[in-house]
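K.L.:
Structure in structure tokens, see below.
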Amino acid sequence: DLALYADKKMAQTIIRNLVNNALKFTPENGSVIISGEAAHDQVHIQIKDTGVGMPEDKLSSLFHLQDKKSTYGTSGEKGLGLGLQLVYEFIERNNGSVEVESQEGLGTTFHIKLPQFLV
């Protein structure tokens, strides 16, 4: 039972986009794990996949639309990265932060921190 202090629709969009990307870039027998925990006044959400991963140079520009090259998922799904740009903006608008770890061939983990709703 984790409670966020964030816009509900934006929080849903953040999670939905990151889970969809994790599924898109994870092969059929891979896995996607979503976890969360409260720490101090924040909720830490982690979305981890065992997908194709990303090279270091792509990580540095992940949340910025620099070119209009399409990226294809493991089943040929097409994407331009607009979802990740939206994720980044929504996290910032809700006073949160995001970090990404990735290794080619081993998968990607998104670490999201959003304010916790304290009663």
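The values are calculated or read from the model by the stated rules, or taken from the named source; none is laboratory data. Not measured: the values here are computed from a predicted model. Cβ atoms come from the backbone with ideal geometry, glycine included; neighbour counts cover every protein chain shown. The area values use the complete protein model at the heavy-atom level, side chains included, leaving out ligands, DNA and RNA. Shrake-Rupley method; radii C 1.70, N 1.55, O 1.52, S 1.80 Å.
K.L.:
Of all residues in the stretch 44-58, which are within 15 Å of the chain's Cα centre (by Cα) and either under 16 Å from Val87 (Cα atoms) or open to solvent by 50 Å² or more (accessible area, probe 1.4 Å) (or both)?
P.N.:
Correct list: His44, Ile45, Gln46, Ile47, Lys48, Thr50, Val52, Lys58.
K.L.:
Scan the stretch 6-35 for residues that are buried (at least 16 other Cβ atoms within 10 Å of the Cβ), touching a residue at least 24 places away in the same chain (Cβ under 8 Å) and not in a helix (DSSP H, G or I) and jot them down.
P.N.:
Within the stretch 6-35, Ala6, Phe25, Thr26 qualify.
K.L.:
Continuing with the same structure: Mind checking which pairs have a first residue in the stretch 89-105 that is open to solvent by less than 80 Å² (accessible area, probe 1.4 Å) and a second that is among the small types (Gly, Ala, Ser) and assigned to a helix (DSSP H, G or I), Cβ under 8 Å, 6 or more apart or different chains?
P.N.:
Going by the 8 Å Cβ cut-off, the qualifying pairs are Phe90/Ala11; Asn94/Ala11.
K.L.:
Working only within the stretch 44-99, note down all residues that are part of a strand (DSSP E or B), at pLDDT 75 or above and in contact with a Lys or Arg (Cβ under 7 Å, 6 or more places away or on another chain).
P.N.:
Within the stretch 44-99, His44, Ser97 meet the criteria.
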